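Undergrad: The structure follows.
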Amino acid sequence: MAISGIDNPAARPYSTSMKRHLPLIPLAALLPALFLASCADRKPQIMTIWTDRSEFVSYAELFNSSQNQYKAVVEYRENPSDSLIKATELPDVVVGPWLKGEKARSKLIPLDYLFSEIRIHSNLFYRPLLELGNVKGRQYLLPVSFNLPAVIFSKDRQSLVTDNFFLPLDTIRTLSKEFNEEKNGNFARMGFSPRWNEDFLYILTRMFGAQYEEGNKLFGWNQKGLADAVAYVRDWSVSVNGSTRAENDYQFKNLYDPPYRQVTSGLCLFSYISSRDLLVLPEDKVSSIDFRWITRNDLTPVDDGMIYLGICERAKNLEAAEAFLIWFFNEKNQKAMLERKKSFGLMDRNFGIADGFSSLRPVNEKVFPLYYPSLLGHLPPLESLMAPRILPNNWYTLKSGILMPWLTDVLSGPAPAGGDPTLESRIQAWQKSN
């Protein structure tokens, strides 16, 4: 049986690093050997996938049932990148976040030949996501899925939002201030504060150009971009909401419900939510809300934890690994993945492909709206995606243990007379205790 996504038998996967030179042998001499080979009991080539995404068990089952030449076996790894770095024996394929760092990337092979042989079409991918997996002109990783930051608001307030796709950061600020209402010196309602959600706060620093990336001191960043973001949030707290104390008091007293209920209750105008959480909400909860992607300077930041896929060096089953990639990055097959999830009643378990938008534009544009009707008129922006930089494989630990506690502390009030404690000092303190 042919593998869906492979155009013809002549294009079946092989490594172009291995030149196939066959001697000229008369056809008559080949016939007996071909007959015996066809009668032999051919066992499928078995390939191994390491991933933290449970959805790949279902994807492997679909792949296995689509043909009889190869079999995919999925093994769970809590941190595939870390496992890859420490492993002495590698899998054939690895799937997960944080694979783009130098240590993990050194265990992978370039995949450019799959493009040059037109077995995977590079023009189907979102260009910024594809480029992030390309290092020094070699394509080590292929993007699988991604998520975007959104703000939700009540449909009763739709007239305030004029753009059908985006909501700029400055517009969120302006509309929030207009929404604010004070009574007897206290806020009866407050539109929004960047400090109410750590994920939003982090995304805001990226939109200002903080440019977090792999570096010698655990991680690097752009100091000006980070300082500009801190100044912007501080000014928002004072100019829009009165003070950080007023924001804290209002959040503590009123904003304990889920985000969709916060906006429909009228207690706040906007609430932050990631696409992975937004698009699994049941219909009765989304029927009264609307949403827009957050932008600044016409750019929407893509979530850090994008899922990428690579083939490991010295893969024991390279042909099967190539076959899986060709099958996976195929529009028809990704539709089958979504249909299978729907048939099992798992659409509210996780979003889309590997808990995110597909990295293939045609899948998002033509297939996703069939399964996620709320995406009609809200598809991911093609030209404005802002991918993160290459981050260390332990970025989640560094971000939650160093960056976000520092950022939260710095923004808990006005700048002290002696200036804010530096991020470098927080890194040094963290290193001593770890």
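Undergrad: With the checklist (1) of a type outside the set (S, T, N, Q); (2) assigned to a loop (DSSP other than H, G, I, E, B); (3) under 17 Å from the mean Cα position of the chain (by Cα) in hand, flag the one item A415 doesn't pass.
TA: Every listed condition holds for A415 apart from (3).
Undergrad: Same structure again: Within segment 343-352, can one find any residue that is touching a Pro at 6+ places or on another chain (Cβ under 7 Å) and charged (D, E, K, R)?
TA: Within segment 343-352, one or more residues are touching a Pro at 6+ places or on another chain (Cβ under 7 Å) and charged (D, E, K, R).
One line per residue, one yes/no per condition, for (1) of a type outside the set (S, T, Y); (2) within 30 Å of S288 (Cβ to Cβ):
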{"site": "R119", "(1), (2)": "yes, no"}
{"site": "N123", "(1), (2)": "yes, no"}
{"site": "R127", "(1), (2)": "yes, no"}
{"site": "N134", "(1), (2)": "yes, no"}
{"site": "F146", "(1), (2)": "yes, yes"}
{"site": "N164", "(1), (2)": "yes, yes"}
{"site": "T171", "(1), (2)": "no, yes"}
{"site": "T174", "(1), (2)": "no, yes"}
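Undergrad: Scan E182, E102, E131 and give me the residue that is more than 19 Å from H378 (Cβ to Cβ) and assigned by TED's automatic domain parsing to the domain that holds V280.
TA: Going through E182, E102, E131 in turn, just one is more than 19 Å from H378 (Cβ to Cβ) and assigned by TED's automatic domain parsing to the domain that holds V280: E182.
Undergrad: Follow-up question, since we're still on this one. Condition check: over 21 Å from the mean Cα position of the chain (by Cα) and in contact (Cβ under 8 Å) with a residue 40 or more places away in the chain. Does E331 satisfy that?
TA: No: the conditions fail for E331.
Rundown of residues vs (1) under 25 Å from P381 (Cα atoms); (2) modelled with pLDDT of 95 or more, yes/no style:
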{"site": "T48", "(1), (2)": "no, yes"}
{"site": "S66", "(1), (2)": "no, yes"}
{"site": "V73", "(1), (2)": "no, yes"}
{"site": "P110", "(1), (2)": "no, yes"}
{"site": "F125", "(1), (2)": "yes, yes"}
{"site": "G137", "(1), (2)": "no, no"}
{"site": "L142", "(1), (2)": "yes, yes"}
{"site": "L148", "(1), (2)": "yes, yes"}
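Undergrad: Oh, and also: For the list (1) of a type in the set (G, A, S); (2) under 28 Å from G220 (Cα atoms); (3) out of contact with any Gly (no Cβ under 8 Å at 6 or more places or on another chain), I need the number of the one condition that G209 fails.
TA: The single condition G209 does not satisfy is (3).
Undergrad: Further question: Give me the residue from segment 216-241 that is of a type outside the set (A, V, I, L, M, F, W, C) and in contact (Cβ under 8 Å) with a residue 60 or more places away in the chain and, out of that set, nearest to K183 (Cα to Cα).
TA: N241
Undergrad: Give the number of residues within segment 185-210 that are of a type outside the set (V, I, T) and within 16 Å of D303 (Cβ to Cβ).
TA: Going through segment 185-210 one residue at a time, the tally reaches 10.
So that you can scan it fast, the table gives a plain yes or no per residue for (1) more than 20 Å from D92 (Cβ to Cβ); (2) of a type in the set (D, E, K, R); (3) outside the structural domain of M207 (by TED's automatic domain parsing):
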site	(1), (2), (3)
L309	no, no, yes
N317	no, no, yes
E322	no, yes, yes
K332	yes, yes, yes
A336	yes, no, yes
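The values are calculated or read from the model by the stated rules, or taken from the named source; none is laboratory data. Predicted model, so just to flag it, every value in this text is computed and none were measured. Virtual Cβ from ideal backbone geometry, glycine too; neighbours counted across all protein chains shown.
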